[in-house]
Amino acid sequence: KKVIFSGMQPSGVITLGNYLGALKNWTNLQDEYNCLYCIVDMHAITVRQDPATLRKNARNLLMQYIAAGLDPEKNVIYYQSHVPAHAELAWILNCYTYMGELSRMTQFKEKSSKHAENINSGLFTYPTLMAADILLFQTDLVPVGVDQKQHLELARDIAARFNNLYSDTFKIPEPYISKVGAKIMSLQDPTKKMSKSDEDNNASISLIDDPDTIIRKFKRAVTDSDALVRFDQEAKPGISNLMTIYSAVTGMSMEAIQNEFEGKGYGDFKMRVGEAVVEELRPLHKRFEELSKDKAYIDGIIKKNAETANYLATKTLRKVQKKVGFPPVV
Ligand code: TYM
């Protein structure tokens, strides 16, 4: 079986964008592939986090993975910080990554202007840690949203560079980006991506928003004034984003959506999108509530999956340590 690896930062409560761009698709891969899904807490501390909140968000994220339908018996679901090989490989790969490459990363440029008071070196070398995450497991495919594509290309470059220097060591991973939903935009500014760190609460749908909140946010979504439900990302970014969301949750084509709302107003359309999202998230909410009450079950998963991930990660790490010339442990 081919190997799949992906991860999310527990840097807040995840959004409908994270769900449609990544998590929802992950649940379709679990039978066909060997999948690892990480909660990348080490990446999260590249911006300041309140420790208690980070701990809570990380646990909630793990439960949301399961609540969304990832079976913890079939997928390796674990915290990055529980597997030291991530940090060890990241250090080695840092020595094979150029400053120039890291300086060109658009996420670094964005985050360093947003967090100008804290441009730490972890933020700069973030993509090398991400490369380590992926390369540790000889990953074939990385299911992510569009915004992670540049990081993935860097991971491929680093892997190829290492392989050229020391003979074949890493599998070169491929991005796996879904056709619909790989870039969900903000509900308040549809030219910007939906993000967990957006200060405007109405801009994003959180996976734990209650139904009323979800409907209210969709009703307030920014659109345009020509009252036509048509897909045109340039001229009608707000409506196109809502159509994308509707298509991703219902499986309907853009054409079918256009027909459904022919002659109807934006009010009806927004309401329908809100309801469809509420329906989509309802089973997830229910399972999340149940899981929250079962501490022992979740703790068991955390322990068992960390052991599996540690075991799998060590194989590649040992190989790499040997290739670069570290003395064997005696
Ligand atoms: P993160 O935590 O920002 O996002 C998690 C996943 O959600 C996708 N995503 C979106 N998809 C569609 N529309 C949006 N508005 C949207 N916002 C986010 C992201 O593309 C991602 O797939 N660096 C990564 C985490 C990471 C990782 C990895 C991913 C660390 N190591 C190894 C894959 C493999 C990140 O910050 O994702």
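Structure summary
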quantity: Selection count, segment 153-191, where residues are farther than 13 Å from Ala22 by Cβ and near the ligand (Cβ under 9 Å from one of its atoms); calculated: 4
quantity: Flag for Val222 being in a loop (DSSP other than H, G, I, E, B), within 16 Å of the ligand (Cβ to nearest atom), among the β-branched types (Val, Ile, Thr) and in the same structural domain as Lys286 (by TED's automatic domain parsing); calculated: yes
quantity: Elements of type helices (runs of 4 or more DSSP H) contained in segment 239-330, each with 3 or more residues being of a type outside the set (D, E, K, R) and over 28 Å from His82 (Cα atoms); calculated: 254-260, 266-292
quantity: Conditions (1) farther than 24 Å from Glu101 by Cα; (2) away from the ligand (no atom under 13 Å from the Cβ): number failed by Ser197; calculated: (2)
quantity: Index of the failed condition, Glu289 passing every other in (1) in contact with a Ser or Thr (Cβ under 7 Å, 6 or more places away or on another chain); (2) open to solvent by 60 Å² or more (accessible area, probe 1.4 Å); calculated: (1)
quantity: Filtered residues of segment 116-150 (kept if away from the ligand (no atom under 11 Å from the Cβ), farther than 18 Å from Asp41 by Cβ and not small (Gly, Ala, Ser)); calculated: Glu117, Ile119, Phe124, Gln138, Asp140
quantity: Complete set of residues in segment 201-239 that are of a type in the set (Gly, Ala, Ser) and loosely packed, with under 15 Cβ neighbours inside 10 Å; calculated: Ser225, Ala227, Ala235
quantity: Answer residue from segment 7-38, given it is among the charged types (D, E, K, R) and in a loop (DSSP other than H, G, I, E, B) and is nearest to the ligand (Cβ to nearest atom) among those; calculated: Glu32
quantity: Cross-chain or 6+ apart pairs with Cβ under 7 Å, segment 5-19 first and touching a residue at least 40 places away in the same chain (Cβ under 8 Å), then more than 6 Å from the ligand (Cβ to nearest atom) and of a type in the set (Asp, Glu); calculated: Pro10/Asp41
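Conditions tested, residue by residue: (1) modelled with pLDDT of 95 or more; (2) open to solvent by less than 40 Å² (accessible area, probe 1.4 Å); (3) in contact with a Pro (Cβ under 9 Å, 6 or more places away or on another chain).
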site	(1), (2), (3)
Glu260	yes, no, no
Gly263	no, no, no
Gly274	yes, yes, yes
Lys303	yes, no, no
Thr308	yes, no, no
Thr314	yes, no, no
Val320	yes, yes, no
Lys323	yes, no, no
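The values are calculated or read from the model by the stated rules, or taken from the named source; none is laboratory data. Owing to the predicted nature of the structure, the values given are computational and were not obtained by experimental measurement. Cβ sites come from the backbone with ideal geometry, for glycine too, and all protein chains shown count toward neighbours. Areas reflect the complete protein model, heavy atoms only, side chains present, ligands, DNA and RNA absent. Shrake-Rupley method; radii C 1.70, N 1.55, O 1.52, S 1.80 Å.
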